[in-house]
Amino acid sequence: MLQDDRQRVDRWLWHARIVRTRVLAAALASSGHVRLNGRRVTAAGRAVRIGDVLTIALPTAIRVLRILGFAHRRGGAGQAKGLYDDLSPLPERATLATASPQRDPGTGRPTKRDRRALERLRQRSVGQDR
């Protein structure tokens, strides 16, 4: 029995290419790392509908996605992006500020003195975070 107005959350996560395998999608949904319209999903068979908002806690980021459609087969990345609207917040500027310093092109490798100065700078910034 196939219904076009809803789909299992694990199948949708897999079709939308949020996770690599359907088994991982089911495990993600069952583990409670997925929220459907603000409520925690604890079963992989939970039905999602068009217009629902999924909040997914992935190891690398938190993604907020609005469901725009369903797929009957898993397609390419372009087709998968058409299934959702990404509402995730942009990365914070604080993460950009903590990125490693860049050297000017053509200056060559850092000297031992430069390397030690960078290590002192990194140790100070780590100590300030605590």
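Here the calculated FRET efficiency for residue 33 and residue 5, from their Cβ-Cβ distance with R0 = 30 Å, stands at 0.75, rounded to the nearest 0.05. Available extension along the chain between residue 53 and residue 121 is 20.3 nm, counting 0.36 nm per residue and deducting the alpha carbon span. On the beta carbon distance between residue 74 and residue 40, with R0 = 35 Å, the FRET formula returns roughly 0.85.
With a cut-off of 8 Å between alpha carbons and a minimum separation of six or more residues, what is the relative contact order of the chain in percent? Value for the chain: 19 percent. Loop-resident trypsin sites (Lys or Arg not before Pro) (DSSP state other than H, G, I, E or B) in segment 19-87 with no more than 14 further Cβ atoms inside 10 Å of their Cβ: 20, 73, 74. Would you mind classifying the chain by shape? Square roots of the alpha carbon gyration tensor eigenvalues, ordered a ≥ b ≥ c; an a/c under 1.5 is rounded, otherwise it is prolate if a/b is larger than b/c and oblate if not. It comes out prolate by the Cα gyration axes.
With all protein chains in place and a 1.4 Å probe, the accessible surface of segment 1-87 carries 51 percent carbon and sulfur.
The residues of segment 24-124 expose, per residue, 74 Å² of accessible area to a 1.4 Å probe.
The values are calculated or read from the model by the stated rules, or taken from the named source; none is laboratory data. This one's a predicted model, so the numbers in the text were calculated from it and none came from an experiment. For neighbour counting, all protein chains shown are included, and Cβ atoms are generated from backbone atoms with ideal geometry for every residue, glycine included. The protein model used for the area step is the full one, side chains on, heavy atoms only, and it has no ligands, DNA or RNA in it. Shrake-Rupley method; radii C 1.70, N 1.55, O 1.52, S 1.80 Å.
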